[in-house]
Every structure is written in C-alpha cells, then in structure tokens.
Amino acid sequence: MHLQSPSRVVLLAILSLASIAVADDATKTTISSTPAITPCVATSTNGAFFDLRPDAAVVVQKDEKPPKGVPTEDYVAKGWDYGSNFTLNICNPVVKRVDDVVGVDKALWKNISAYYETKGKVHSLGLQSGTLVPRGRKLVLQYTGGSPCGASDKSRDKRAGVHEGARYKYNDFDDDGEDEGDYYAPRRTSKDDEDDKGGKKDKDRQKDEPVRRKSATISFLCDHDPDTPTAFSFVGTDPDECAYFFEVRSQHACAGAEPHKPGSVGPGSVFAIIFFITVLVYVVGGVFYQRTVAHARGWRQLPNYSLWSGIWSFVKDLFVILTSSCARIIPRRRGYHTLSGSPNGRRESRDDENRLIDQLDEEWDD
C-alpha cells in the first residue's frame with residue numbers, strides 16, 4: 001500500500017477544517033437571519049433567563065386529559081376595596097369564555113387576557129401579549145387595548161357667562177317706563193362671540209382625540225418555594241381607572257440558565273473547536289520545525305514521531321494479544337484426535353501397552 005507524504009496529509013487536514021468552518025458559518029448566517037421569538041420567554045442583559053410558560057393556563061377540550069403540572073383555570077385577584085375581583089391569565093387569553101365586553105369588538109373577545117365584572121358589565125383590561133420585559137430582578141408583562149376608560153372626575157373650568165360690568169343699572173332715567181332700579185340683560189360683545197367659538201373648538205378637539213383604553217401591568221417576583229402556587233395580587237389603579245397594576249409571585253419568575261438554542265454554539269462545540277485548532281497548530285508547527293530545523297524528511301517530519309510510532313506499535317501488540325485470547329475461548333470443531341480421548345480408546349491403548357510389556361518380558365526370559 002502506497003502511503004501519502006506528510007505534507008499532503010497536513011494539507012488535506014487544513015482544507016477539511018476550512019470547509020467545515022465555512023459550512024458552519026453559512027449555517028449560522030442562515031439561522032441568525034430568521035430569529036425565532038418565543039412568547040412568554042425573556043433574557044435579561046446580564047444573561048438571566050426567564051420562562052413563564054409553565055404558569056400559563058391552557059384550554060383543555062372535553063375528550064382530552066389535562067397536561068400534568070399545567071394550570072387549566074384562570075387566576076383570580078381579589079379587588080378588596082375596589083369592589084370587583086379580577087380574572088387574568090399569563091401570556092394567554094383567559095380560559096373562561098367572555099361575552100358582551102364593553103367597548104371591545106366582538107372579534108377580539110377571544111383574545112382578552114384580563115377583565116373584571118361590575119354591575120353586570122364586563123370590562124376588559126387588555127388583550128393577549130407574550131412580551132416579557134426584564135427589569136432588574138423583576139419581570140413586567142403588560143396588556144393593552146382594553147375597554148374605554150371612564151370619564152374623569154375633574155371638570156374643565158368654565159368661564160363666566162357674564163363679564164364684569166356687563167350688567168348695569170339705570171339710575172338716572174327711565175326710557176321704557178320701567179321702575180327705577182330694574183336690571184337689564186347686557187348686550188353681547190365680540191369677546192362673547194370669541195368665547196363661544198373657543199368652547200366649540202374644545203368640543204371638536206375632544207371628539208378628535210383617540211379613545212383611552214384600560215391596560216394591565218403585571219409585575220412578577222421570584223418565589224423559591226416550590227410548594228407555593230402562583231398567585232395574583234391587586235396593587236391598585238390610577239384615578240382615571242385606566243391603568244391597573246398587579247403583582248405575581250411564582251417560582252418560574254426566578255432567573256435560570258438559558259437552554260441551548262438550535263444553531264448556536266454550545267459548550268461541546270466550543271471544546272471541539274478549541275481541540276481541532278490546537279491539533280492543527282501542533283501538527284503544522286511541528287512539521288515546520290522538523291523540516292526546517294531538524295531537516296527531517298518523510299514521516300519523521302511529524303512532531304514526536306518516535307512517541308507516536310511507539311504508541312502505534314503498542315496498539316498493534318495489544319490487538320494481537322486480545323484476539324489470541326478470544327480465539328482460545330471460541331469453541332473448535334472436534335476431529336479424529338478427539339477419538340483417542342474417549343473412554344473406549346483409552347482402555348484399548350492400555351491393553352495394547354500391557355500386551356507389549358508381556359511380550360517383552362517373555363522375550364527377555366527366553
């Protein structure tokens with residue numbers, strides 16, 4: 001068998017490693033160009049990983065078995081002094097069907113993730129969202145696009161309809177025969193007309209303004225106790241009853257290690273890359289040194305040639321020893337030589353020996 005020269009072997013190894021690196025880069029480029037966004041999952045700037053999908057309640061059909069460890073009912077937060085309780089879900093729409101929602105299109109009822117009922121009316125606090133925002137040790141989830149906010153209790157200051165000095169008193173004369181001291185309605189001035197126009201503009205501006213809608217902001221806190229179930233707490237709302245704030249304690253809100261993503265370089269891949277680079281530098285550097293400094297040729301250009309050749313000889317000897325040991329264990333075919341080992345064969349051979357001895361004794365006596 002004709003062996004290739006070491007220089008050709010090294011060149012082929014370099015080309016193969018280069019092709020693997022190019023293919024790996026192409027794969028990474030293809031994967032990174034289409035990033036996948038997973039809802040209800042977030043990674044903070046310091047590398048902390050959060051996954052709240054186990055806390056999201058899911059809808060289970062009648063014929064299906066509920067998945068183990070996954071909630072199948074909505075979360076309820078007591079409103080206490082607010083006067084109404086709140087029904088919510090995490091990252092998913094509420095499990096319970098909602099109808100007749102105030103100020104929300106019927107097509108969006110199935111996407112409501114938080115609501116409350118008061119006086120027989122359902123008010124939405126926002127539509128489904130799976131975008132988690134890490135802020136320090138907390139996670140924030142926000143639902144928007146709920147029912148319209150209520151009217152503000154604060155009313156706009158209105159100007160007086162009558163200006164100072166607009167009402168006057170006739171004390172000196174009586175033109176129409178009225179009694180002295182009677183008051184008369186003031187005349188309208190240009191300033192009054194401007195005030196009326198300003199009021200109309202304010203009304204038109206209010207009509208053009210977008211409708212403010214209710215929203216829910218949920219803050220998640222880490223709870224290391226695995227026996228404590230996930231629970232919602234109502235914190236409060238703003239004076240306009242537009243923004244509602246909740247707090248949730250859950251073991252899944254604790255930061256953890258991010259799992260390996262398909263297409264990303266894991267610890268094993270990093271170790272393999274470092275190993276191949278080290279071997280490549282060792283082989284190329286050793287061949288260069290042996291060829292230029294030691295003036296070696298042939299296979300002796302490889303670094304530590306005597307060491308590797310001795311290891312190869314040891315491996316061959318070990319293989320021969322193992323194969324010979326296994327050959328003894330393997331049963332062999334029985335041939336004619338086994339007949340002499342049979343009991344009948346042994347008896348016949350002993351009789352022949354005895355006869356030969358007796359014959360020799362007789363000849364010796366003669």
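State whether one or more residues within the stretch 198-220 are modelled with pLDDT of 75 or more, closer than 30 Å to PHE50 by Cβ and surrounded by fewer than 16 Cβ atoms within 10 Å (Cβ to Cβ). No - not one qualifying residue is present in the stretch 198-220. Can you list the strands (runs of 3 or more DSSP E) found entirely within the stretch 1-99 that contain at least 3 residues being at pLDDT 90 or above and within 30 Å of ALA255 (Cβ to Cβ)? Filter on the stretch 1-99 gives 75-77, 86-88. Residue-level analysis places VAL122 outside the set of residues that are in contact with a Phe, Trp or Tyr (Cβ under 6 Å, 6 or more places away or on another chain) and farther than 19 Å from CYS242 by Cβ. Residues of the stretch 227-258 that are part of a strand (DSSP E or B) and not hydroxyl-bearing (Ser, Thr, Tyr): ALA231, PHE232, PHE234, VAL235, GLY236, ALA243, PHE245, PHE246, GLU247, VAL248, ARG249, GLY256.
The values are calculated or read from the model by the stated rules, or taken from the named source; none is laboratory data. Owing to the predicted nature of the structure, the values given are computational and were not obtained by experimental measurement. We place every Cβ from the backbone using ideal geometry, glycine too, and count neighbours over all the protein chains shown.
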